[in-house]
Amino acid sequence: MQWRNLYRGFFMGISDLIPGVSGGTIAFILGIYDELLASISGFFSRDWKKYIGFLLPLGIGIGVTLLLFSRVIEFLLKNYNEPTQFFFMGLILGVLPFITKQAGVKKNFKWTHFLLILLLGVALASTAFIKPLDTTPITTLTATNTIGLFLAGWAGSMAMLLPGISGSFILLLLGVYSTAIGALSNFNLPIIAVIGAGVIVGFIVSSRVISYLLANFTYITFAAIIGLIIGSVFVVYPGIPESGTPFVMSVIAFITGLIVANMFSSPNKTSIMHH
């Protein structure tokens, strides 16, 4: 068992609770992105036992964090929204030097790659202006909303694996975020089960697709990932905080995020490009 994945799961779980921050970005920061993709697709094959040691501690870390911290994150976003968002902006920007080095941007990228980065960055940044559909939380299941919640979980989990796109943000756009957070906070098992089933199916499908793209279209995929990560900064950005304590807290939170990302994405991490 890779028990250090418990703390990695903790960070991924925290990020998945926050609209705008992607679990995929955190996996990149922690240097486990391609191992995560390989383990998820491998777990749903005949050799599933080989991958349980990697996935189980990670899953426990994520699951415990989602249950224990859904209220903490609600509290932080409500009372310290700007410093919390600036911390995650620091984390997101802090991982970019690591990814650009992994991709060998100077050597391998052509103008088409930079155009893709720009287009995806702008496309994702523009979602910051979309008014989310978030409606009254669903607390009881019907035939119609069960299908809707399952599909929302599927869409959210595909986004979770893509660096830059937040699963929570997709749930917010689909109007399901308050339902999901409410179900976790109040331990509403039927709703957790339906969304969770969608998440699992989404993980199986998207892990294979992303692995294939990274293996066969490496630099285009890297350009797409960099574009999505840059775009996500604009989604998280809460505006310039008012002067005084909020401003100072936000600056400290931002610098802390940069330092944390730098600590995790140190050069001794395995290369993402060992396909």
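Brief remarks on what is shown
- In the context of the full set of protein chains, residues of the stretch 14-66 present 34 Å² of accessible surface per residue (probe radius 1.4 Å, heavy atoms only).
- Shape parameters for the chain, alpha-carbon atoms, Rg then Dmax in Å: 18.1, 58
- Across the stretch 10-46, the residues whose backbone nitrogen lies under 18 Å from the label position 7 Å along the beta-carbon direction of ILE204 are 37-46.
- Taking all protein chains together and rolling a 1.4 Å probe, PHE69 ends up with roughly 60 Å² accessible.
- At full extension, THR140 and LEU118 could sit 3.7 nm farther apart than now, given 0.36 nm per residue minus the alpha carbon distance.
- For the stretch 94-106, 3J(HN,Hα) per residue [Karplus equation, 6.51 cos²θ - 1.76 cosθ + 1.60, θ = phi - 60°, Hz, x = Gly/Pro]: x, 8, 4, x, 5, 5, 5, 5, 4, 7, x, 3, 4
- Computed from the Cα positions only, the extents of the stretch 1-156 along the three principal axes stand at 54, 44, 33 Å, in decreasing order.
- If R0 is taken as 22 Å, the Cβ-Cβ distance between ILE220 and ILE130 corresponds to a FRET efficiency of 0.25.
- Accessible area, probe 1.4 Å, largest first, for residues PHE150, PHE86, PHE28: PHE150, PHE86, PHE28
- Ranked order, GLU82, GLU35, GLU242 - accessible area, probe 1.4 Å, largest first: GLU242, GLU35, GLU82
- Helix-only arithmetic for the chain: the sum of -39500 (n - 2.57) across DSSP H runs with n ≥ 4, divided by the residue total, places the mean residue ellipticity at 222 nm at -25000 deg cm²/dmol.
- Cross-link partners of LYS110 among aspartates and glutamates, defined as those whose alpha carbon lies under 18 angstrom from its own and excluding same-chain residues fewer than eight positions apart, are absent.
- Projected label points at GLU74 and THR100, each 7 Å from Cα along the beta carbon direction, are separated by 4.0 nanometres.
- Take LEU115: with every protein chain present and a 1.4 Å probe, its accessible area is about 80 Å².
- Gyration tensor analysis over the Cα atoms of the stretch 95-171 returns equivalent ellipsoid semi-axes of 35, 14, 10 Å (largest first, whole Å).
- Heavy-atom SASA rank of TRP154, TRP48, TRP3 (probe 1.4 Å, accessible area, largest first): TRP3, TRP48, TRP154
- At q = 0.15, 0.21 Å⁻¹, base-10 log of I(q)/I(0) for the stretch 167-247 (Debye sum, equal scatterers on each alpha carbon): -0.83, -1.04
- Per-pair calculated FRET efficiency, R0 = 35 Å: GLU242 and MET1 via Cβ, rounded to 0.05: 0.15
The values are calculated or read from the model by the stated rules, or taken from the named source; none is laboratory data. Keep in mind that what you see is a predicted model, and the values were worked out from it rather than measured. Cβ sites come from the backbone with ideal geometry, for glycine too, and all protein chains shown count toward neighbours. Surface areas here come from the heavy atoms of the whole protein model, side chains and all, with no ligands, DNA or RNA. Shrake-Rupley method; radii C 1.70, N 1.55, O 1.52, S 1.80 Å.
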